[in-house]
4 protein chains.
Amino acid sequence: MTTEPAAEPAARRGRKRSEEGRIAILTAAYEQVAEVGYHALTIEGIAARAGSSKRTVYRWWSHKADVLLEALSVKAELRISTTDHGSWAADLSAFLRDSYELGRVPGVAPVLRALMAEAQIDPGFGQRFREGFLARRRAALATLTDRAARRGDLPPIDPGLIADLVFGTIWYWLLARDEIPADAPTDALTALLSARPEANPGPENRDQDRDQDDKEQP
Amino acid sequence: MTTEPAAEPAARRGRKRSEEGRIAILTAAYEQVAEVGYHALTIEGIAARAGSSKRTVYRWWSHKADVLLEALSVKAELRISTTDHGSWAADLSAFLRDSYELGRVPGVAPVLRALMAEAQIDPGFGQRFREGFLARRRAALATLTDRAARRGDLPPIDPGLIADLVFGTIWYWLLARDEIPADAPTDALTALLSARPEANPGPENRDQDRDQDDKEQP
Amino acid sequence: MTTEPAAEPAARRGRKRSEEGRIAILTAAYEQVAEVGYHALTIEGIAARAGSSKRTVYRWWSHKADVLLEALSVKAELRISTTDHGSWAADLSAFLRDSYELGRVPGVAPVLRALMAEAQIDPGFGQRFREGFLARRRAALATLTDRAARRGDLPPIDPGLIADLVFGTIWYWLLARDEIPADAPTDALTALLSARPEANPGPENRDQDRDQDDKEQP
Amino acid sequence: MTTEPAAEPAARRGRKRSEEGRIAILTAAYEQVAEVGYHALTIEGIAARAGSSKRTVYRWWSHKADVLLEALSVKAELRISTTDHGSWAADLSAFLRDSYELGRVPGVAPVLRALMAEAQIDPGFGQRFREGFLARRRAALATLTDRAARRGDLPPIDPGLIADLVFGTIWYWLLARDEIPADAPTDALTALLSARPEANPGPENRDQDRDQDDKEQP
DNA sequence: GGTTAAGCGAGACGGTACGTCGCGTCTTAGA
DNA sequence: TCTAAGACGCGACGTACCGTCTCGCTTAACC
């Protein structure tokens with residue numbers, strides 16, 4: 001993100017960045033988007049609401065969507081639990097439940113929709129969003145599939161496809177309706193993605209399936 | 001959409017709408033977005049490129065995304081085949097193949113991404129897009145699931161969830177990467193959504209399924 | 001100036017320039033500079049006061065000083081009388097009297113000082129000011145010296161030097177004090193610049209000159 | 001000016017002002033204005049060029065024009081010789097020659113024009129400029145007229161008018177053209193302002209003139 | 001010789017205006 | 001009545017300097 005000081009050695013002279021101001025701007029952006037919507041969110045409005053100057057906003061963020069992305073991580077608990085629940089089905093179910101619940105936290109869904117939208121429209125932000133948000137959540141899911149694979153209870157579906165199905169369904173749930181639906185297909189998705197059809201088709205067939213899948217999505 | 005003549009009785013006086021101008025505007029929008037991207041697409045630019053006036057554009061469309069939505073249906077074949085291929089698996093596979101192929105037609109993916117993005121940002125266009133585009137494709141898929149249900153080979157998954165999985169995966173495939181991926185999980189998705197665990201399909205059935213898939217997507 | 005249509009043949013399509021808006025902007029600029037001073041005069045403020053948009057101001061003038069220059073010719077009578085008063089001394093005296101009086105018209109002096117100042121600071125405006133203002137007044141004076149030369153009563157001083165002396169004294173009178181002085185050296189300047197040492201003007205001529213001056217500036 | 005220590009008793013503790021820094025800032029301002037012009041001269045730029053901080057500039061000068069005014073007295077020899085040349089005509093001629101020559105020293109004219117311009121625009125600087133620059137030069141000329149009066153060879157023109165004519169002509173020469181003219185009316189001006197017309201009109205007329213002049217410009 | 005008070009470079013900050021851009025509306029003249 | 005042209009009010013853009021304010025450091029004069 002924009003604010004990590006990273007490996008700045010020592011030679012910091014001059015006035016320090018005001019943490020107070022940073023929080024004021026993030027809060028202003030988060031509240032403003034909830035009140036007027038992303039299309040009416042402006043840097044000008046954020047600065048005015050935060051009692052800061054536009055210059056200060058631009059000094060630290062290059063785009064209103066970047067402000068919002070950082071505001072999200074300050075305002076909402078984005079950590080996805082990757083606790084071991086003992087089985088792939090339980091892990092996946094918890095992951096889905098957490099994800100859908102995040103989308104129902106007041107104020108979060110509009111921000112997520114706006115960020116995904118902006119990622120389509122602004123190529124630069126698109127990259128930052130994919131690397132700073134989407135990739136992190138994919139990595140969290142990968143932790144679960146890796147553990148399940150080690151444990152041996154991952155169904156014979158390509159982990160990449162599992163991720164595409166899981167995140168695809170979640171994002172479609174967010175993006176394709178006007179209002180966020182009240183229900184979420186957590187259980188049905190878990191059932192579908194944890195069914196182990198080894199009782200039905202012979203294992204030799206399944207191996208054959210895997211080979212094909214591997215070819216199609218390496 | 002905006003341009004359907006619908007039930008126009010007769011009493012149209014004055015100069016008629018220029019079909020030539022309409023196509024010029026749609027073409028200009030479609031080319032412009034391919035060249036400079038949606039964020040740099042403006043009504044002003046469309047009008048200039050089409051040799052028309054802004055007024056004329058605004059008379060027929062209320063938003064640049066609406067121009068693009070109509071341009072898409074003029075420029076790309078959006079009809080999804082709902083031909084009966086004999087089985088749910090074959091129908092689904094064809095539907096997926098058609099859908100992913102549409103996304104790979106040059107120029108289409110950026111437009112689809114832009115439209116979905118605008119639908120998040122502009123509430124009015126969001127409604128038009130959902131009703132005029134998303135709902136139509138959902139209806140096309142519903143034709144397949146209804147047929148499969150009548151035929152009896154629909155796996156015991158809620159048709160709504162099937163649609164969410166199918167479209168979620170397709171849209172995530174479009175939205176979550178910078179470039180459109182070269183491969184698409186057509187076969188794996190078909191396999192997952194046509195497996196019938198309760199029926200315990202013998203290995204012979206599974207082989208049959210796989211054979212069909214192989215034929216449909218060589 | 002900026003607004004002269006010059007040699008525009010005929011093909012004027014589109015909405016015409018609003019004369020009402022033009023006057024509103026000129027008036028706003030003229031009033032604003034009188035109230036807050038030139039350094040606090042901004043295009044933004046002019047537009048706001050005129051109820052116009054900045055864009056409209058910038059469409060027709062490139063600089064706030066250009067607005068003021070045009071406002072001056074609308075608000076103040078800039079025509080310098082070049083009427084023939086019968087003698088060089090009478091002509092010059094009338095010219096000086098008119099010029100100093102213009103500087104005492106409320107609101108004019110601050111504008112003139114600002115324009116001369118801006119002409120020093122902005123090279124582009126400097127050229128427009130010299131050609132559109134200074135040169136015109138020099139031409140007016142040249143009319144008088146030409147006439148005097150033809151008449152034969154021009155003292156043997158280079159007309160260019162006469163102009164430099166006349167305008168130099170007037171501008172210094174405007175620029176070198178905080179407040180515009182109440183008195184002006186009209187008579188003394190006239191005397192100095194109409195004395196003909198060689199011709200040795202008889203006292204009767206001089207008395208006649210003085211009489212005129214006395215009448216003209218009571 | 002800003003830097004005069006004036007009546008500072010003694011109790012100066014802490015680090016002393018860096019003379020090196022002062023010269024660096026004055027030099028930076030002087031060079032910068034020559035390169036980019038006064039309108040593009042900024043405190044920010046001066047500080048950057050001088051390798052100082054804005055704070056340091058603001059600590060000692062309140063306006064960029066004040067920096068320039070002090071820079072002028074460091075960079076150019078502003079002393080006007082008031083040496084006694086034996087006669088009013090010779091004194092005046094030397095004064096004019098020196099003055100016009102100063103305006104032709106490379107870099108000086110643009111600075112003088114800028115200072116006079118700023119004096120019109122910024123009231124505070126206007127006062128400082130008039131008192132710290134214009135008044136001093138008027139005083140220098142007054143030395144000459146006083147001496148001539150004592151000597152008895154001052155022509156019967158009000159000394160104040162002489163000053164207005166001399167400085168008016170010099171400033172107009174600086175301000176009214178784009179480029180500084182190559183020639184200066186030194187001789188013609190000297191001739192005009194040292195001619196003693198007592199040979200021509202009768203003394204009684206001239207006395208009359210003087211009376212009137214006295215009334216007009218007390 | 002430690003204390004204390006500037007001076008100084010750096011640079012973040014709240015402001016204000018800049019000049020530009022695109023919006024969506026409007027007023028023309030011509031087809 | 002539609003069209004191209006284009007002026008208009010509007011509002012945000014991203015930038016530039018303004019003048020102020022910490023910072024951490026340096027440099028003297030004083031105790």
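The values are calculated or read from the model by the stated rules, or taken from the named source; none is laboratory data. On a predicted model such as this, the values are computed, not experimentally measured, just so you know. Note: ideal-geometry Cβ built from the backbone for every residue, glycine included; neighbour counts use all protein chains shown. Calculation scope for accessible area: heavy atoms of the full protein, side chains included, ligands and nucleic acids excluded. Shrake-Rupley method; radii C 1.70, N 1.55, O 1.52, S 1.80 Å.
Here are a few things to note about the model shown:
- Backbone HN-Hα couplings from phi across the range B:176-188 [Karplus 6.51/-1.76/1.60, Hz, Gly and Pro as x]: 8, 10, 6, 9, 5, x, 6, 9, 9, x, 4, 5, 5
- Unsatisfied cross-links (Cα-Cα over 31 Å) in the set A:Lys54/D:Lys64; C:Lys75/D:Lys54; A:Lys64/D:Lys64; B:Lys64/C:Lys64; D:Lys16/D:Lys64: C:Lys75/D:Lys54; A:Lys64/D:Lys64; B:Lys64/C:Lys64
- For the range B:167-172, backbone phi angles converted through the Karplus equation (6.51, -1.76, 1.60; θ = phi - 60°) give residue-by-residue couplings of 6, x, 5, 5, 5, 4 Hz, Gly and Pro being listed as x.
- Amide H partners (placed H, <5 Å) of C:His85, local residues excluded: C:Asp91
- For D:Glu35, the point set 7 Å out from Cα toward Cβ sits 4.0, 4.2, 4.7 nm from its twins in the other copies, listed from shortest up.
- Prolate/oblate/rounded label for the range A:1-147 (Cα gyration tensor, a/c 1.5): prolate
- Residue-normalised accessible area of the range D:19-74, expressed per residue, 1.4 Å probe, Å²: 46 Å²
- Threshold 30 Å², the range C:147-177 residues less accessible with all protein chains present than alone (1.4 Å probe): C:Leu161, C:Asp164, C:Leu165, C:Gly168, C:Thr169, C:Tyr172, C:Leu175, C:Ala176, C:Arg177
- Ascending list, in nanometres, of distances separating the D:Ser81 label from those of the other copies (7 Å, Cα toward Cβ): 4.8, 9.6, 10.4
- In the range D:19-74, the portion of solvent-accessible area held by carbon and sulfur atoms comes to 51 percent [1.4 Å probe, whole percent, DNA, RNA and ligands not counted].
- Residues listed by number, the range C:152-172, amide nitrogen under 19 Å from D:Asp183 label point at 7 Å toward C-beta: C:155-168
- Using a 1.4 Å probe over protein heavy atoms, the accessible area lost on pairing C with D, summed over both chains, comes to approximately 3800 Å².
- Centre separation in Å (Cα based) which lies between the range B:165-195 and the range A:88-109: 21 Å
- Label-point spacing at A:Asp146 relative to the other copies reads 4.7, 9.3, 9.3 nm, in ascending order, each point sitting 7 Å out from Cα along Cα→Cβ.
- Taking amide H positions as modeled 1.01 Å from N, with prolines and chain starts lacking one, no residue 5 or more places away or on another chain lies under 5 Å from B:Asp153.
- Within the accessible area of the range A:77-197 (1.4 Å probe), percent carbon and sulfur: 53 percent
- Calculated from backbone phi, Karplus (6.51, -1.76, 1.60) coupling profile of the range D:63-71 in Hz, x at Gly/Pro: 7, 4, 5, 5, 4, 5, 4, 6, 4
- Taking a sphere under 11 Å around the Cβ of B:Leu102 and counting the other residues whose Cβ falls inside, with K and R at +1 and D and E at -1, yields a net charge of +1.
- Using a probe of 1.4 angstrom and keeping all protein chains present, the accessible surface of the range A:105-170 works out to 33 square angstrom per residue.
- Over all other residues within a Cβ to Cβ distance under 14 Å of A:Thr27, the charged ones net out to -2, with Lys and Arg as +1 and Asp and Glu as -1.
- Shape of the range A:19-74, Cα gyration tensor, a/c cut at 1.5: rounded
- Pairwise FRET efficiency - B:Glu101 versus A:Glu31, Cβ, R0 = 60 Å, nearest 0.05: 0.85
- FRET efficiency, C:Arg15 to A:Ala40 (Cβ-Cβ, R0 51 Å, nearest 0.05): 0.95
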